Amino acid sequence: QLPEGPLGLEFKQVNFSYNEDKPVLQNINFAIKPGERLGIIGRTGSGKSSLSRVLLRLYNLDSGTIRVGGTDISDLTLPALYRRVGMVTQDVQLFDGTLRDNLTLFNQDVSDQIIKETTDRLGLSHWIESQPAGLDTHLKAGGSSLSAGEAQLFALTRVFLTEPSLVILDEPSSRLDAATESMLQSAIDQLMKQCTGIIIAHRLATLEKVDQIMVLGDGKVLEFGAREEL
Ligand code: ATP
Ligand code: MG
């Protein structure tokens, strides 16, 4: 029942806590239009990652409503939500299985040809080709064979292959080398062209490309507005 194409997003009076004693998100209200990019900045512990976790329904809200494409996310099934909303976090979760399954999350509709095209664009082909059996290579859960930059590219590729309509990117603050950084940046730019984007930004380069900026502090929205106005 979600509309096609990029999805808008609305938080209405959202309150959330992991433990009832300590509020983590307090009365969060904002909206972004389909296709817009929102950058979220704020100190460590201000609630940025928590905001993305509740959007993916990894936790239930204490109160309030989150709407994606006009629909309350609690009225969607998780598969319906995850088909349209993707998240890239700092650490990529690998599971026991082939490299192919780790990239496609078992979606049989994603052909090797599509994987090839996508990894060529994102700069991950070289790493895949260096694996003993290419896409058939068996990966282990928690696999440490990826460098930090490669893990990010891997996570981005995985999200690309699901063709999300809304994507949340929780950027690492760690420093990557200049070549990986610019490869990641152009991958992010490509991904964002096709969908609505929320970027938890640590890098100045990404902040230049967002439409709106939210400043979070202690679980509250301190500022929200067009990038030029802040
Ligand atoms: P950073 O910039 O360091 O990534 P952040 O803005 O993403 O910080 P969150 O991870 O959202 O911050 O954390 C917000 C608050 O929630 C912090 O006080 C943190 O200690 C707490 N918190 C985060 N995850 C959990 C959890 N799984 N259980 C309990 N408390 C948590
Ligand atoms: Mg975080």
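A few points about this structure:
- Restricting attention to the stretch 177-228 and to residues that are under 13 Å from the mean Cα position of the chain (by Cα) and at pLDDT 90 or above, the residue that is nearest to Thr118 (Cα to Cα) turns out to be Cys195.
- Among the residues here, Ala80 qualifies as modelled with pLDDT of 90 or more, under 30 Å from Pro3 (Cα atoms) and of a type in the set (A, V, I, L, M).
- Selection status of Thr89, over 18 Å from Phe11 (Cα atoms), among the hydroxyl-bearing types (Ser, Thr, Tyr) and touching an Asp or Glu at 6+ places or on another chain (Cβ under 7 Å): yes
- Within the stretch 81-96, being away from ligand 2 (no atom under 16 Å from the Cβ) and surrounded by 16 or more Cβ atoms within 10 Å (Cβ to Cβ) holds for Leu81, Tyr82, Arg83, Arg84, Val85, Gly86, Leu94.
- Looking across the stretch 183-225, just one residue is in contact with a Pro (Cβ under 9 Å, 6 or more places away or on another chain) and assigned to a helix (DSSP H, G or I), and that is Leu191.
- Index of the failed condition, Ala141 passing every other in (1) exposed (fewer than 15 other Cβ atoms within 10 Å of the Cβ); (2) more than 25 Å from Arg83 (Cβ to Cβ): (2)
- Filtered residue count, the stretch 35-80, keeping only those that are surrounded by fewer than 16 Cβ atoms within 10 Å (Cβ to Cβ) and more than 16 Å from ligand 1 (Cβ to nearest atom): 10
- Failed item, numbered, when Lys22 is tested on (1) more than 17 Å from the chain's Cα centre (by Cα); (2) in a strand (DSSP E or B); (3) at pLDDT below 95: (2)
- Near pairs, Cβ below 7 angstrom, 6+ apart or cross-chain, from the stretch 10-37 (farther than 24 Å from Ala226 by Cβ) to any residue that is among the aliphatic types (A, V, I, L, M): Asn15/Leu25; Asn15/Leu61; Phe16/Val24; Phe16/Leu25; Phe16/Val54; Phe16/Leu61; Ser17/Val24; Tyr18/Val24
- Test: residue in the stretch 61-69 that is away from ligand 2 (no atom under 15 Å from the Cβ) and either out of contact with any strand residue (DSSP E or B) (no Cβ under 7 Å at 6 or more places or on another chain) or in contact (Cβ under 8 Å) with a residue 60 or more places away in the chain (or both): yes
- Which numbered condition Thr162 misses (of (1) closer than 26 Å to Val24 by Cα; (2) modelled with pLDDT of 80 or more; (3) more than 15 Å from ligand 1 (Cβ to nearest atom); (4) surrounded by fewer than 22 Cβ atoms within 10 Å (Cβ to Cβ)): (1)
The values are calculated or read from the model by the stated rules, or taken from the named source; none is laboratory data. Predicted model, so just to flag it, every value in this text is computed and none were measured. So basically every Cβ, Gly included, is an ideal-geometry build from the backbone, and we count neighbours across all protein chains shown.
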